[in-house]
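To start, the structure itself, in structure tokens.
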Amino acid sequence: MDTETAPLTLTVVIGSNRHGRFGPVVADWLLAHVDERADLTLQVVDVADTGHLPTTLAPTPEATAALAGITPKLSSADAFVVLTPEYNHSFPAGLKNLIDWHYTEWRAKPVALVSYGGLAGGLRAVEHLRQVFAELHAVTVRDTVSFHNAGASFDDRGLLKDPAAPDAAAKAMLDQLVWWGQALKEARERTPYSG
């Protein structure tokens with residue numbers, strides 16, 4: 001396969017670590033969409049699995065061990081989807097901590113955002129994440145997927161009650177992500193990004 005047709009490596013970051021979190025329900029829906037695509041290969045980083053990352057950003061043995069399973073998945077990614085809930089009008093502290101432990105891994109790569117929450121559907125968290133990723137020289141794609149009143153959108157089996165609009169939004173978002181992922185990958189290969 002040449003570069004133009006090779007699947008992009010996509011890392012999905014599940015951004016909630018709260019006890020009783022709803023994130024895995026939305027993540028399962030998202031991962032099913034990614035799995036259907038021949039133009040993406042999937043890796044997952046779950047913030048809930050990063051409990052040993054201190055907020056001091058100190059390279060302790062525990063932090064080094066936790067990063068060993070995370071950093072390679074971020075570094076090797078051609079693109080990202082970050083799945084976030086909204087906590088107090090923003091995104092979770094655990095997600096911010098995971099983002100802050102990395103810098104070059106995000107640079108000159110596209111990031112798509114999927115959110116969930118109550119009335120706002122996590123969109124305030126998305127707008128804050130756009131600012132953070134701009135500072136890290138990442139490119140957020142325009143289209144997002146957001147689940148307003150997420151708990152009521154899925155049934156007891158974790159399936160969407162009305163999947164038409166979210167499924168269409170996921171396709172549009174992933175199509176944009178693939179375009180940006182391919183374009184930025186080719187640009188990085190031609191000229192390494194120096195920022």
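The values are calculated or read from the model by the stated rules, or taken from the named source; none is laboratory data. Nothing here was measured: the structure is a model prediction, and the numbers come from that model. Positions of Cβ are generated from backbone atoms using ideal geometry, with glycine treated the same way; all protein chains shown enter the neighbour counts. Just so you know, the surface numbers come from the protein's heavy atoms only, side chains and all, with ligands and any DNA or RNA stripped out. Shrake-Rupley method; radii C 1.70, N 1.55, O 1.52, S 1.80 Å.
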Item checked: Qualifying residue in the stretch 1-22 (condition: of a type in the set (Asp, Glu), over 22 Å from ALA169 (Cβ atoms), open to solvent by 70 Å² or more (accessible area, probe 1.4 Å) and touching a residue at least 40 places away in the same chain (Cβ under 8 Å)) -> yes
Check: Given GLY158, GLY195, which one is open to solvent by 60 Å² or more (accessible area, probe 1.4 Å) and touching a residue at least 24 places away in the same chain (Cβ under 8 Å)?
Finding: GLY195
Check: So which helices (runs of 4 or more DSSP H) are wholly in the stretch 45-142 and hold at least 2 residues that are modelled with pLDDT under 95, surrounded by fewer than 18 Cβ atoms within 10 Å (Cβ to Cβ) and hydrophobic (A, V, I, L, M, F, W, C)?
Finding: 61-68
Next item on the list: Would you please list the contacts, defined by Cβ atoms under 9 Å and residues six or more apart or on different chains, that run from a residue in the stretch 164-176 that is free of Cβ contacts under 8 Å to residues at least 60 places away in the same chain and part of a helix (DSSP H, G or I) to a residue that is among the polar types (S, T, N, Q) and surrounded by 15 or more Cβ atoms within 10 Å (Cβ to Cβ)?
Entry: ALA169/THR144; ALA169/SER146
Item checked: LEU177 vs. criteria open to solvent by less than 70 Å² (accessible area, probe 1.4 Å) and either touching a helix residue (DSSP H, G or I) at 6+ places or on another chain (Cβ under 6 Å) or under 18 Å from VAL45 (Cβ atoms) (or both) -> yes
